Amino acid sequence: MKKICVVGTGYVGLITAACFADLGNRVIGLDINEKKIEGLKNGVMPIYEPGLKELVDRNMNAGRLSFTTSYTEALKDSQFVFIAVGTPSGVDGEADLRYVAAAARSVAQNMQGELIIINKSTVPVGTGDWVAGIVAEHQAEAIPFSVVSCPEFLREGAAIGDFMNPHRVILGSLDEEAADKVAQLHLPLRAPIVVTDLRTAEMIKYASNAFLATKISFINEIANICEDLGADVTEVAAGMGYDQRIGAQFLQAGIGYGGSCFPKDVKALAHMAEEKGRHPQLLHSVMEINDDRREMAVQRVKDMLEKESLEGITVGLLGLTFKPNTDDMRESPAVNIAQGLQAAGATVRAYDPIAMEEAAQMLPNVKMLPTPYQMAEGCDVLMVNTAWNEFRQLDLRQIRDTMKQPLLFDGRNIYDPEKMAALGFKYRGVGRGYNGRIEK
Ligand code: UGA
């Protein structure tokens, strides 16, 4: 049984710890946040992720997973330490590495035997070498160690499945033996393992996220053109997706990407390029298109109401998180959209299945209602921000009858325009013209 320490019990750290424990390793999760660790010891999850609590409970009960705030305890007998701490955006879009540096220092000061330090946090290219420097500098006595980059490719809401069935495992290190040992840990996942150097591994992570963000901005640009020309972007995407060189995923037009990864990583990659004197045009366009989606959404509500000022108008938001199956509100388009609607004079109310408590802190003037039906009552227009499954099952007749006007802007294209029209809604999606019918 291998002993693994995971530093950081945020999204990536906690999933990594629980999943490696489930693969039969002995894992200790470390965090400097005592409240979080106390909660975890008592079975309280700091995040909402389907299946996570069951996985943590099962492995804690089996004695394979434990939590601590003590580096000495966590590193005792550990052969591997995963660094999975946050790398928020700094002022200029660069990744803020203070938590990575602090973790590297603490590992150096508390390591008791030979160690492989594996970086899971998304860090600028070159950080692995920098971490190795910090560790060497802060060791009390020279103990051998290696640094391996192993970027994570988990999606929130599907993280456990993504960990257990990865498309690939990327390992970067100049120490082949260390990379091989980390590869062994991943063998039960039966995924292709790509071993490369540190910087290339770090770059693969940024390039992957930037490419996925590019697909989203691409289809959003196509959606705009579809609207002008009377074509349906959902069918365009489906038709394109059959081409294996293109692929069907990440071609859903809507109000754009949010979350803790794409906005931060595209910005950080652009920043790295600029620091080297480049002008990363494509990355800037991807970000610009994505920012414009939020303005487009506010404008669409105005267009549907045929009003520039939204004074006296009540808008109801269905969904607040950046995507379904998560409680994460970071960079959620819904936040800017709610603020934009309020700035135009609207009264905004909202319903989200999971995130209303957190959202209320970010949007203090938005009234949160306990059910979508109560939320819709008396609204002039409803807007879908998040494609939660429960919105697909709503009794839309009931909703229509209690609204002031039956207007619905579907920012995630979850409803069928024909059916919505048949139900008596004035409905608009994104990029959903049809045979010349202009969607504006
Ligand atoms: C993303 C990547 O998908 C993961 O592979 C990566 O590991 C992770 O970032 C990370 O770097 O940690 P995540 O942020 O959880 O995962 O969410 P996604 O499912 O990728 O969605 C991101 C955003 O794009 C959401 O706001 C979603 O609504 C939007 N999106 C996604 C679209 O607007 N259209 C699409 O077709 C797909």
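Read-outs: derived from the displayed coordinates by stated rules, not from any lab. These numbers come from a predicted model, not from an experiment. As a convention, Cβ positions derive from the backbone with ideal geometry for all residues, glycine included, and neighbour counts pool all protein chains shown.
For Ile160, what is the net charge nearby, where nearby means another residue's Cβ is under 15 Å from its Cβ and Lys, Arg count +1, Asp, Glu -1?
Net local charge, Ile160 excluded: -4.
Residue by residue through the stretch 119-131, what is 3J(HN,Hα) from phi via Karplus (6.51 cos²θ - 1.76 cosθ + 1.60, θ = phi - 60°)? Round to whole Hz and write x for glycine and proline.
Residue by residue, the stretch 119-131 yields 8, 9, 5, 7, 10, x, 4, x, 5, x, 5, 5, 4 Hz.
Let me spell out the model: positive unit charges on the Cβ of Lys and Arg, negative unit charges on the Cβ of Asp and Glu, origin at the Cα centre of the chain. What dipole size does that give, in debye rounded to 20?
Magnitude of the dipole: close to 640 debye.
Highest mean first, what order results for 71-77, 22-28, 163-169 on Cβ atoms within 10 Å?
Listed from highest to lowest mean packing, they are 22-28, 71-77, 163-169.
Longer than 30 Å from Cα to Cα, which of Lys3/Lys264; Lys36/Lys323; Lys323/Lys426; Lys307/Lys367; Lys215/Lys307; Lys181/Lys215 are they? Say none if no pair is. Kindly include the intermediate steps, with their values, before the conclusion.
Values: Lys3/Lys264 32 Å; Lys36/Lys323 24 Å; Lys323/Lys426 25 Å; Lys307/Lys367 23 Å; Lys215/Lys307 33 Å; Lys181/Lys215 35 Å.
Those over the limit are Lys3/Lys264; Lys215/Lys307; Lys181/Lys215.
For the chain, report the translational diffusion coefficient in µm²/s to the nearest whole number, using Stokes-Einstein at 20 °C, 1.002 mPa s, and a Kirkwood Rh over Cα pairs.
So the translational diffusion coefficient is about 92 µm²/s.
Of the options Ala207, Val266, Gln339, report the single residue whose Cα projects farthest towards the positive end of the charge dipole of the chain (beta-carbon charges: Lys, Arg +1; Asp, Glu -1).
Of the options given, the answer is Gln339.
Restricting the count to DSSP beta bridges whose residues both fall in the chain, what percent are antiparallel, rounded to a multiple of 5?
Counting DSSP beta bridges with both partners in the chain, the antiparallel share is about 10 percent.
What percent of all Cα-Cα pairs in the stretch 39-84 falls in each 10 Å bin, counting up from 0?
22, 49, 28, 1
Rounded to whole Hz and in sequence order, give me ³J(HN,Hα) for the stretch 70-83 from the Karplus expression 6.51 cos²θ - 1.76 cosθ + 1.60, θ = phi - 60°, writing x for Gly and Pro.
9, 5, 4, 5, 5, 8, 4, 6, 6, 9, 10, 10, 8, 9
Given the convex hull of the Cα atoms of the stretch 3-196, what is a quarter of its surface area in nm²?
Its average projected convex-hull area is 10.4 nm².
Listed highest first by mean packing, meaning other Cβ atoms within 10 Å per residue, what order do 326-334, 198-206 come in?
Ranked from most to least packed, the peptides come out as 326-334, 198-206.
May I ask which residue of Met45, Val123, Val85 lies farthest towards the positive end of the charge dipole of the stretch 3-196, with charges of +1 (Lys, Arg) and -1 (Asp, Glu) on Cβ and the Cα centre as origin?
Towards the positive end, the residue furthest out is Met45.
Enumerate by residue number the chymotrypsin sites (Phe, Trp or Tyr not before Pro) in the stretch 207-293 meeting two conditions: DSSP loop (anything except H, G, I, E, B), and at most 10 other Cβ atoms within 10 Å of the site's Cβ.
Tyr242
Given a Förster distance of 45 angstrom, what is the FRET efficiency for Asp57 paired with Lys404, based on the Cβ-Cβ distance and rounded to 0.05? Don't jump to the answer; show the numbers that get you there.
Details: r = 47 Å, r/R0 = 1.03.
Once the sixth-power term is evaluated, E becomes 0.45.
Working out 0.36 nm times the residue gap between Lys2 and Ala142, then minus their Cα-Cα distance, what length gain in nm do you get to one decimal? Intermediate values should be presented prior to the final figure.
Values: separation 140, 0.36 × 140 = 50.40 nm, distance 2.31 nm.
Computed gain between Lys2 and Ala142 is 48.1 nm.
Going toward the positive end of the dipole of the chain, with +1 on Lys and Arg Cβ and -1 on Asp and Glu Cβ, which of Gln374, Ile354, Leu14 do you reach last?
Going by the Cα projections, it comes out as Gln374.
For the stretch 3-196, what is the charge dipole size about the Cα centre, in debye to the nearest 20, if Lys and Arg each add +1 at the Cβ and Asp and Glu each add -1 at the Cβ? Let's see the in-between values first.
Values: 16 positive and 23 negative charges, 115 e Å.
Magnitude of the dipole: close to 560 debye.
Placing unit charges on C-beta atoms (Lys and Arg positive, Asp and Glu negative, everything else neutral), compute the dipole magnitude of the stretch 212-428 about its Cα centre in debye, rounded to 20.
Value, rounded to 20: 140 debye.
Would you calculate a helix-derived [θ] at 222 nm for the chain, using -39,500 (n - 2.57) for each DSSP H run of n ≥ 4 and dividing by the full residue count, to the nearest 500?
-13500 deg cm²/dmol
Just the ratio, please: alpha-carbon radius of gyration of the stretch 247-301 over 2.2 N^0.38 Å, N its number of residues.
It is 1.30.
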